[in-house]
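Undergrad: Just dropping this structure here.
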């Protein structure tokens with residue numbers, strides 16, 4: 001029987017301060033976790049175009065190195081919908097934009 005301990009890690013890069021990183025609670029025994037958690041990073045609106053939001057998902061292995069599942073990056077240099085999502089957030093900072101993005105492997 002396999003047990004999965006999945007968590008996600010987010011960071012706002014380049015990381016200028018430690019509070020530009022966050023980790024969700026571990027979701028146990030699921031291959032389809034829902035991370036319905038909010039993170040708040042203190043950054044000025046003028047600095048957002050220079051930042052990249054990096055979200056990654058990991059499988060926690062007790063006693064071993066955690067396994068990378070995939071990631072998505074949002075930023076002005078991202079491709080397609082990931083770039084549009086980031087630009088929408090910059091243009092309308094008081095609006096919530098919810099979109100699904102496919103995880104990518106290491107590049």
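Read-outs throughout are calculated quantities, based only on the coordinates presented, and are distinct from any laboratory measurement. For clarity, every value in this text was computed on a predicted model and none was experimentally measured.
Undergrad: How far is helix 80-91 tilted, in degrees, relative to the longest principal axis of the Cα atoms in the chain, given as a value from 0 to 90 rounded to the nearest 10?
TA: So the inclination is approximately 50 degrees.
Undergrad: Right, here's the next one. Given segment 5-91 reduced to its alpha-carbon atoms as identical point scatterers, what log10 I(q)/I(0) does the Debye formula return at q = 0.20 Å⁻¹?
TA: -0.99
Undergrad: Then there is this: Take the alpha carbon atoms of segment 48-93, find their radius of gyration, then divide it by 2.2 N^0.38 Å using N residues; give the quotient. Could you put the intermediate results ahead of the total?
TA: Values: Rg = 14.2 Å, N = 46, 2.2 N^0.38 = 9.4 Å.
So segment 48-93 has a normalised radius of gyration of 1.50.
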